[in-house]
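**Student:** Shown below is the structure under consideration.
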Amino acid sequence: MRQIFKLTFLAITILLTSCNSSAQQKDNYSNKIDSLLKTKSPRDFNGVVYIQQNGKMKYAKAYGFADFNKKTPLRIDDKFSTMSIAKQFTAALILQQVEKGTIDLQTPIRKYLPDFKYSWADTVTVHQLLNNTSGLYSENMDKPLKFKPGSAFSYSNVGYYVAGLVLEKQSGQNFETLVTALFKKCKMNNSYYPNKTTSKLLTKGHTIKKDGTFKLNEQLSFDADNYFGSHLIVTVPDLAKWNECLHNGKVLKPSTYKMMTSYVITDTHQVFSKTPIGYGYGLRINDKDSINEIGHTGFHPGEGFTAVNLYYPKTKTSVVIMENVGNENFDIAYYFEQEIRKIIKESKLLK
């Protein structure tokens, strides 16, 4: 009887081990991502993928080159441009001023910029600048507004420039000082405001043309007006630190954080959903899917960078993907970002 029990126990143990092994193999997101990054079609991947959960690194891989001409291998701690992910830093800094009572989100910006030459300053509010409902065009303040402020969504980089002017005016500090302090608060020790010195640390961007050739960009054409909404210098692990800091109460009070992650307007973006999802303050809010998701993208083919920063609140998971390439063929520009997102959302990591 004892021998039969031992054999039965051994059989059950082997069966359970086999089942667990199969489950792990089926849910092996690391191997799936590794395999994906080696794909050459529809394009090559050239960047860093970093996944963090509860402050612990779950996956980190640098793939490709920092410089296509010199064939310098990319490193996980190389420095990338945030592109439009910069918007959430500006939004958070403005909300800190809201907490101090120096900025009211619903007040027209004329109050803060009395000498601003544009008549729309009489009606456009900081709230509308932050959630892209101001009616401003993306890169031009001189054109008439597209629509009545607050009535529709239209993505605007220049809107964040104007918001940044309000931030500097009401805080009494320049953006470099403010964002540097924010990096320090979140222990983002390898991230920087772009100045003459720090810009030399930036990994070179590569524009991938439609014919498959590339152009190496020795330096970005952005100036300080663009930094509020389109360009800060970060490492991928530091961006995961930012997620931990922002989404776990270290940057904003709970009520103010709720403002940032709530929305009154929706918009579509191919990385997140075929249907419209919410846009808060510098963040896309995907709360209609099976797994609540907060994030933003960054893309500029002319400068040669592509980025996606995703955060899943339930499991405190960050998925950060940054490439020093920007593809002129927009249909495939976010290919790897979309595929990695699918792998993670289908894995047990977020369950």
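The values are calculated or read from the model by the stated rules, or taken from the named source; none is laboratory data. Quick caveat: nothing in here was measured; it's all calculated off a predicted structure. All Cβ positions, glycine included, derive from the backbone under ideal geometry; neighbour counts span all protein chains shown.
**Student:** Please go through the range 219-234 and give me each residue that is of a type in the set (Phe, Trp, Tyr) and either farther than 20 Å from Thr207 by Cβ or at pLDDT 95 or above (or both), ordered by number.
**Tutor:** Residues satisfying the conditions are Tyr227, Phe228.
**Student:** Also: With the requirement that a residue be closer than 28 Å to Thr207 by Cα and either buried (at least 23 other Cβ atoms within 10 Å of the Cβ) or of a type in the set (Asp, Glu) (or both), what does the range 273-283 give you?
**Tutor:** Listed by number, the residues that qualify are Gly282, Leu283.
**Student:** Given the structure, is Thr268 among the β-branched types (Val, Ile, Thr) and closer than 27 Å to Leu74 by Cβ?
**Tutor:** No; evaluated as a whole, the condition is false for this residue.
**Student:** Something else: Any residue at all in the range 256-269 that's closer than 23 Å to Gln338 by Cβ, surrounded by fewer than 16 Cβ atoms within 10 Å (Cβ to Cβ) and of a type in the set (S, T, N, Q)?
**Tutor:** So far as the range 256-269 goes, yes, one or more of its residues are closer than 23 Å to Gln338 by Cβ, surrounded by fewer than 16 Cβ atoms within 10 Å (Cβ to Cβ) and of a type in the set (S, T, N, Q).
**Student:** I'd like the residue in the range 65-96 that is among the aromatic types (Phe, Trp, Tyr) and in a strand (DSSP E or B) and, out of all such residues, is nearest to Asn324 (Cα to Cα).
**Tutor:** Phe80
**Student:** Something else now. With Ala121, Ala181, Ala163 as the choices, which residue is among the aliphatic types (A, V, I, L, M) and in contact with a Lys or Arg (Cβ under 7 Å, 6 or more places away or on another chain)?
**Tutor:** Unique residue meeting the criteria: Ala121.
**Student:** Being in a helix (DSSP H, G or I), surrounded by fewer than 21 Cβ atoms within 10 Å (Cβ to Cβ) and modelled with pLDDT of 95 or more narrows it down to one of Ser35, Ser41, so name that one.
**Tutor:** Sole residue among the options that is in a helix (DSSP H, G or I), surrounded by fewer than 21 Cβ atoms within 10 Å (Cβ to Cβ) and modelled with pLDDT of 95 or more: Ser35.
**Student:** Assess whether Thr90 counts as being buried (at least 16 other Cβ atoms within 10 Å of the Cβ), of a type in the set (Ser, Thr, Tyr) and within 17 Å of the chain's Cα centre (by Cα).
**Tutor:** yes
**Student:** Across the range 305-351, which residue is nearest to the chain's Cα centre (by Cα) among those that are of a type in the set (S, T, N, Q) and under 20 Å from Leu202 (Cβ atoms)?
**Tutor:** Only one residue tops the list, namely Asn309.
**Student:** Restricting the search to the range 105-155, which residues are assigned to a loop (DSSP other than H, G, I, E, B), of a type in the set (Ser, Thr, Tyr) and either free of Cβ contacts under 8 Å to residues at least 40 places away in the same chain or touching a strand residue (DSSP E or B) at 6+ places or on another chain (Cβ under 7 Å) (or both)?
**Tutor:** Thr107, Tyr118, Thr123, Ser134, Tyr137, Ser138, Ser151, Ser154
**Student:** Checking the structure you have, find out if any residue of the range 186-201 is more than 18 Å from the chain's Cα centre (by Cα) and hydrophobic (A, V, I, L, M, F, W, C).
**Tutor:** yes
**Student:** Assuming Pro73 fulfils every condition listed in (1) of a type outside the set (S, T, N, Q); (2) without any contact (Cβ under 8 Å) to a residue 60 or more places away in the chain; (3) surrounded by 14 or more Cβ atoms within 10 Å (Cβ to Cβ) apart from one, which condition is it?
**Tutor:** Of (1) of a type outside the set (S, T, N, Q); (2) without any contact (Cβ under 8 Å) to a residue 60 or more places away in the chain; (3) surrounded by 14 or more Cβ atoms within 10 Å (Cβ to Cβ), only one is false for Pro73: (3).
**Student:** Take Asp104 and tell me if it is more than 28 Å from Lys250 (Cβ to Cβ) and of a type in the set (D, E, K, R).
**Tutor:** no
To keep it simple, each residue is scored yes or no on (1) touching a His at 6+ places or on another chain (Cβ under 7 Å); (2) free of Cβ contacts under 8 Å to residues at least 24 places away in the same chain; (3) buried (at least 20 other Cβ atoms within 10 Å of the Cβ).
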| site | (1), (2), (3) |
| --- | --- |
| Asn174 | no, yes, no |
| Tyr193 | no, no, yes |
| Lys209 | no, no, no |
| Thr213 | no, yes, no |
| Gln219 | no, yes, no |
| Phe222 | yes, no, no |
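**Student:** Condition test on Val271, is it under 12 Å from the mean Cα position of the chain (by Cα) and closer than 15 Å to Met83 by Cα?
**Tutor:** No: the conditions fail for Val271.
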